[in-house]
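The block underneath contains the structure these notes are about, expressed in structure tokens.
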Amino acid sequence: MLKLSNVTMEFGALRSISELDLTVNEGEIVSVIGPNGAGKTTLFNVITGIYTPTSGSVELEGKSLVGLDPARVNHAGVARTFQNVRLFLNMSVIENVMSATYGHTRAGLFASALALPKSRKEEKAVRAKAEELLSFFGSRLTGYRWDQPAYSLSYANRRRLEIARALATEPKLLLLDEPAAGMNPKETQEITQVVERLRAEKGLTILIIEHDMHVVEGVSDRVVALDHGVKIAEGNFDHVATHPDVVEAYLGRGAADRK
């Protein structure tokens with residue numbers, strides 16, 4: 001599904017990602033871990049077209065994403081959430097999800113402005129799709145909540161809403177940037193179940209950045225560890241979590257020996 005080959009991302013003299021090779025197979029859930037400053041969010045920005053890599057290739061289903069702007073990367077089938085939730089806070093819950101579908105609609109500005117039958121029919125379908133996606137999260141984002149402004153939601157529900165909005169773009173590959181950040185243990189367990197259901201019920205391939213090792217262990221087929229933009233370990237959770245280089249990256253030099 002996704003293949004990065006020899007990807008390097010430099011900002012002047014700072015090298016944020018260094019000669020990174022990474023693959024995500026169709027139907028996999030792959031987690032990327034590493035301490036702060038490891039290059040994880042930069043990786044997502046490279047994949048989604050926010051940054052153009054200094055060198056290397058990024059391919060989705062064999063087609064290059066390098067040089068495409070974020071909108072075209074999204075149309076190719078990649079959607080993402082952000083470490084810091086980015087919603088339209090003054091819009092309603094359902095409007096936030098509906099807004100993500102308009103890049104796939106066909107009615108033009110003229111038809112929409114005049115509310116022609118084609119536009120009205122499409123708007124009805126867009127709302128129905130938004131309701132269906134919000135229902136995926138159960139009572140958390142349904143019923144009276146549809147018409148509430150996004151700013152009224154709890155932090156955990158804002159994260160759920162951001163995932164629903166990403167789903168509205170009909171992605172093949174979903175990038176989740178710390179979906180459990182700021183959540184309590186119960187909410188963390190729920191978001192872990194959501195990630196598992198996204199694959200099982202929506203058929204998505206998922207690349208996830210996460211600091212919570214309970215989430216990583218619970219959902220990952222494979223784990224990739226980065227440190228200063230370099231891949232230092234890859235494999236199943238147990239292999240990566242106990243790898244000496246990973247322990248050192250998180251706890252400092254000599255920690256692996258003390259362990």
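The values are calculated or read from the model by the stated rules, or taken from the named source; none is laboratory data. Everything numeric here is computed off the predicted structure, so don't read it as measured data. We place every Cβ from the backbone using ideal geometry, glycine too, and count neighbours over all the protein chains shown.
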Please indicate, with yes or no, whether at least one residue in segment 201-218 is crowded, with 19+ Cβ neighbours inside 10 Å, among the hydroxyl-bearing types (Ser, Thr, Tyr) and under 13 Å from the mean Cα position of the chain (by Cα).
-> yes
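Looking only at residues that are closer than 17 Å to GLU234 by Cβ and not small (Gly, Ala, Ser) in segment 26-46, which one is modelled with the lowest pLDDT?
The extreme case among them is PRO35.
Residue-by-condition table, conditions (1) in contact with a Gly (Cβ under 9 Å, 6 or more places away or on another chain); (2) part of a strand (DSSP E or B); (3) exposed (fewer than 15 other Cβ atoms within 10 Å of the Cβ):
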| residue | (1), (2), (3) |
| --- | --- |
| LYS3 | yes, yes, no |
| VAL7 | yes, yes, no |
| ARG15 | yes, yes, no |
| LEU20 | yes, yes, no |
| PRO35 | no, no, no |
| ALA38 | yes, no, no |
| LEU43 | yes, no, no |
| PRO53 | no, no, no |
| SER57 | no, yes, yes |
Take segment 43-73 and flag every residue that is of a type outside the set (A, V, I, L, M, F, W, C) and closer than 27 Å to LYS202 by Cβ.
-> ASN45, THR48, GLY49, GLU59, GLU61, GLY62, LYS63, SER64, ASP69, PRO70, ARG72
Need at least 3 residues that are modelled with pLDDT of 90 or more and of a type in the set (Asp, Glu) per element, so show me which helices (runs of 4 or more DSSP H) inside segment 89-205 make the cut, counting only ones lying wholly within it.
-> 185-202
Tell me which residues, restricted to segment 128-147, are out of contact with any helix residue (DSSP H, G or I) (no Cβ under 6 Å at 6 or more places or on another chain), surrounded by fewer than 17 Cβ atoms within 10 Å (Cβ to Cβ) and over 13 Å from VAL194 (Cα atoms).
-> ALA128, GLU131, GLU132, SER139, GLY143, TYR144, ASP147
Does VAL78 fit the bill of being β-branched (Val, Ile, Thr), in contact with a Gly (Cβ under 9 Å, 6 or more places away or on another chain), in contact (Cβ under 8 Å) with a residue 60 or more places away in the chain and on the phi < 0 side of the Ramachandran plot?
-> yes
Return yes or no: is ASN6 among the polar types (S, T, N, Q) and modelled with pLDDT under 95?
-> no
